[in-house]
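Notes follow once the structure below has been shown.
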Amino acid sequence: MKQYTRKEKIYQAVLEATAQFSPKNPEMNIESLHISSLSEKTGISPNNISMELGRLFSDGLVMRIKGRPVIYFSISVLEELLGRQLPTYEFSSMDAFCDFLDPPSPLSEGQNGDSCLDASVLSDFDSLVGCRGSLSAHIEQAKAAILYPPHGLDTLLTGPTGVGKSHFANSMFDFAKKSGRISPFATLITYNCASYAENPQLVMSQLFGHSKGAFTGADSDKPGLVELADKSILFLDEIHRLNPEGQEKLFLLMDKGIFRRLGETTRTRHADVLLICATTESPQSAMLSTFLRRIPVQIKLPSLAERSVAERLRLVLFFFWREAVNLKKEIRIDRKIISTFVHYDCPNNIGQLSTDICLTCANAYYKHLLQHKEHLEIEFSNLNQNIALSLFTVGGSSKILDTLLRDIPIVIRYNYTLQDILDKYLVA
């Protein structure tokens with residue numbers, strides 16, 4: 001008779017307890033999935049139960065519901081009971097899990113008619129700086145890609161580093177949920193293709209999963225990110241770093257919604273996944289033409305230099321406000337410093353602007369601690385030398401700023417909302 005390891009014994013107990021679960025009456029028998037009940041059933045201490053369940057969760061064999069106590073289910077048994085795949089392997093609470101079992105506004109999978117979609121819903125797009133300016137056309141294109149039946153259109157975001165491609169992808173996901181294209185409980189699955197790019201086998205395993213024995217160390221079956229993104233969105237950053245084999249494996253997923261885990265030769269799996277990809281490179285030179293042809297929507301985001309002065313000013317005020325909130329300190333800024341940040345050469349775009357303002361506030365905070373002041377005073381001595389020198393190159397550009405920024409002392413209060421700050425200092 002086979003001797004089960006401690007981990008196998010616990011997993012078997014979870015399998016049996018999950019099989020008794022009733023999706024129509026989720027509170028019934030739920031105690032059998034608590035760590036204390038599993039401990040009583042197996043004779044294994046709660047601490048060891050918790051440790052092994054953590055490993056099973058990492059292996060993709062069990063899902064969990066956070067709370068006190070934490071509840072664990074076998075993924076395979078639960079999905080069989082539900083007749084559908086789970087949108088996530090971790091729920092924030094029992095209430096969130098029950099909402100998933102019986103959502104208030106159920107969506108027919110992939111068959112949402114026009115009446116189910118809200119194209120005008122407010123979303124994170126509406127809070128992007130430039131949503132009614134430089135990003136207006138890009139947002140309209142992204143919304144069209146999300147809403148296009150039956151499942152939306154795969155999208156490629158391009159633009160130099162730091163322009164906000166990841167933030168834009170997150171806004172697309174937020175719109176997809178709020179418009180009704182995907183479930184409000186869906187999870188955005190994100191993968192940076194530069195991770196382990198030198199190990200194609202590992203990348204394939206992470207994206208598509210693997211079967212037991214597929215390679216040395218593959219001790220059990222494990223789902224990949226594609227399966228986790230079923231009925232949701234998979235965001236692939238730095239897609240140009242995905243090797244040709246990986247791009248080709250995505251062909252079948254994009255064309256037919258099918259894939260295989262690494263090591264599988266006969267079984268075909270299905271997933272309804274909308275892809276959002278991003279790259280800093282020229283797609284034509286860095287990616288397979290056959291892959292590009294399968295992505296109907298390509299959106300190039302503007303660099304910071306291509307943004308209007310008004311938008312750059314809003315970004316500068318936003319980043320200073322964010323630092324004030326983070327520090328819970330009032331920040332006072334000379335308008336010449338505001339002008340410098342609006343106009344200086346910033347080759348790495350919004351990402352660099354954010355970092356430079358954070359570093360400037362860090363320098364000012366150090367002086368604030370030394371001088372025991374109640375507020376932060378942003379001075380030119382706090383600026384990076386290259387940024388400070390640009391004060392002498394902006395010249396007449398500051399005159400443009402005078403038409404946008406009120407002629408009053410600039411004090412960023414941490415207990416103000418961002419809109420309060422914009423209303424107070426921007427000319428209407």
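Laboratory data are not the source of any read-out in this text; all were calculated from the coordinates shown. In this text the structure is predicted, and so the values were computed from the model without any measurement. Ideal geometry is used to build each Cβ from the backbone, glycine not excepted, and the neighbour counts take in all protein chains shown.
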For the table 222/249; 222/256; 336/373; 165/329; 328/424; 7/66, the rows whose alpha-carbon distance is greater than 24 Å are 165/329
Highest mean packing first, using Cβ neighbours within 10 angstrom, the peptides 77-87, 329-339, 223-233 sort as 223-233, 329-339, 77-87
Nearest 10, in degrees from 0 to 90: the angle of helix 244-256 to the longest Cα principal axis of the chain is 70 degrees
Taking the alpha-carbon centre of each part, the distance from segment 290-324 to segment 213-269 in Å is 30 Å
Rounded to whole angstroms and listed largest first, the alpha-carbon spread of segment 248-402 along its three principal axes comes to 70, 36, 23
Between the Cα axis of helix 349-371 and the main Cα principal axis of the chain, the angle (0 to 90°, nearest 10) is 70 degrees
Other residues with Cβ under 15 Å from the Cβ of residue 67 give, with Lys and Arg +1 and Asp and Glu -1, a net charge of -2
Computed over segment 4-99, the distribution of all Cα-Cα distances in 10 Å bins, rounded to whole %, is 16, 56, 26, 2
Note on the chain: contact order normalised by length, alpha-carbon pairs under 8 Å, 6 or more apart, percent, works out to 13 percent
Shape call for segment 327-428, from the Cα gyration tensor axes a ≥ b ≥ c (a/c under 1.5 means rounded, otherwise prolate when a/b beats b/c, else oblate), comes out oblate
One quarter of the C-alpha convex hull surface, i.e. the mean projected area of the chain in nm², amounts to 26.2 nm²
Between the alpha carbon centres of segment 69-93 and segment 26-58 the gap in Å comes to 15 Å
